[in-house]
Amino acid sequence: MFQIGGLVVFCGLLAQATAQLAGLPVPLDQTLPLAVTPALPSNPTDLAGSLTGALSNGLLSGGLLSTLENLPLLDILKTGGGTSGGLLGGLLGKLTSSIPILNNILYIKVTNPQLLELGLVQSPDGHRLYVTIPLGMILKVNTPLVGSLLELDVKLNITADLTFVKDRQGRLHLVLGDCTHSPGSLRISLLNGVASLPVQDLVDTLTGILNKVLPELVQGKVCPLVNGVLKHLDVTLVHDIVDKLIHGLEFVLKI
Ligand SMILES: *[C@@H]1O[C@H](CO)[C@@H](O)[C@H](O)[C@H]1NC(C)=O
């Protein structure tokens, strides 16, 4: 009954939309990006799409997913982040109660690594591009505290800032500027609900530590990959893009 009601409403909206399309001029939806600017000669949408496509393909063929899968998370959790103990050492110092909790982790494994659709925007002056690289993964945590594996869904955005340089021969290159995790862009959520307090403690502790170390760790692996991909981009594509950036011409939405 509910579904039929929904369908009727939907059909009603559809009919209205169709009528608008057929008859009166429909005002442009302000939320749609106006990727095509009439002033530009070449097809700007294709340029942006070609770049994000080439970057995605390059990252995937450069081993992005296996890099994520092989993040040394357990080592980091167990050893306190290596020799210095710096960041994590300090953290564990403050949360002394977290050590026995972490001892309850038998292993932690990255599964289902994902590269979601890249985002691309242009700086207000038009000379730079900001690429958002949205990553996803599921962390499987084996702990005797629960009978089954704990699963944490993790999402993180890395932002790569692209600009151009001219080399001594006068050739133009698209290069990586800043490459960081966007502030606050790490999201961790528990996939399989768990009620008991020790498990909740474990999840909280784990989330606290991951918040401190994971963005840097991922950034340290992904940014060099982006750099490598940029060096092997199609020359014509680079030329066309740099040509826009030099003149500050908009070919993707400016921020
Ligand atoms: C990543 O960035 C996209 C926009 O490009 C945004 O929609 C998404 O919510 C961000 N994800 C996280 C985990 O911040």
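The values are calculated or read from the model by the stated rules, or taken from the named source; none is laboratory data. On a predicted model such as this, the values are computed, not experimentally measured, just so you know. Cβ placement follows ideal geometry from the backbone for every residue including glycine, while neighbour counts extend to all protein chains displayed.
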State yes or no: is Pro198 surrounded by 13 or more Cβ atoms within 10 Å (Cβ to Cβ), assigned to a strand (DSSP E or B) and either at positive phi or touching a helix residue (DSSP H, G or I) at 6+ places or on another chain (Cβ under 9 Å) (or both)?
no
Quickly run through the range 186-226 and pick out the residues that are small (Gly, Ala, Ser) and more than 16 Å from the ligand (Cβ to nearest atom).
Gly193, Ala195, Ser196, Gly208, Gly220
Can you spot a residue in the range 227-250 that is within 16 Å of the ligand (Cβ to nearest atom) and either assigned to a helix (DSSP H, G or I) or hydrophobic (A, V, I, L, M, F, W, C) (or both)?
no
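Name the residues in the range 194-241 that are basic (Lys, Arg) and either modelled with pLDDT under 95 or out of contact with any Leu (no Cβ under 8 Å at 6 or more places or on another chain) (or both), would you? Full working, then the answer.
Just the residues of the range 194-241 that are basic (Lys, Arg), to begin with: 212, 221, 231.
Scanning the range 194-241 gives Lys212, Lys231.
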Enumeration of residues in the range 147-185 that are surrounded by 18 or more Cβ atoms within 10 Å (Cβ to Cβ), within 16 Å of the ligand (Cβ to nearest atom) and either on the phi > 0 side of the Ramachandran plot or among the hydrophobic types (A, V, I, L, M, F, W, C) (or both)
Leu152, Val154, Leu156, Ile158, Ala160, Leu162, Cys179
Per the list (1) assigned to a strand (DSSP E or B); (2) of a type in the set (A, V, I, L, M, F, W, C); (3) closer than 23 Å to Lys78 by Cβ, residue check on Leu210 breaks on (1)
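Looking at the range 142-180 only, could you name the residues that are of a type in the set (Asp, Glu), closer than 25 Å to Val242 by Cα and under 25 Å from the mean Cα position of the chain (by Cα)? Before you say what the answer is, go through the steps one by one.
Start the filter on the range 142-180 by keeping residues that are of a type in the set (Asp, Glu), which leaves 151, 153, 161, 167, 178.
Now narrow it down to the ones that are closer than 25 Å to Val242 by Cα: 161, 167, 178.
The answer is Asp161, Asp178.
Based on what the data block shows, is Ser56 at pLDDT below 95 and surrounded by fewer than 19 Cβ atoms within 10 Å (Cβ to Cβ)?
On the way: at pLDDT below 95: no; surrounded by fewer than 19 Cβ atoms within 10 Å (Cβ to Cβ): yes.
Here the answer is no, as Ser56 does not meet what is asked.
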List the number of the failed condition for Asn142; all other conditions in (1) surrounded by fewer than 17 Cβ atoms within 10 Å (Cβ to Cβ); (2) within 12 Å of the ligand (Cβ to nearest atom); (3) closer than 22 Å to Leu71 by Cβ hold.
(2)
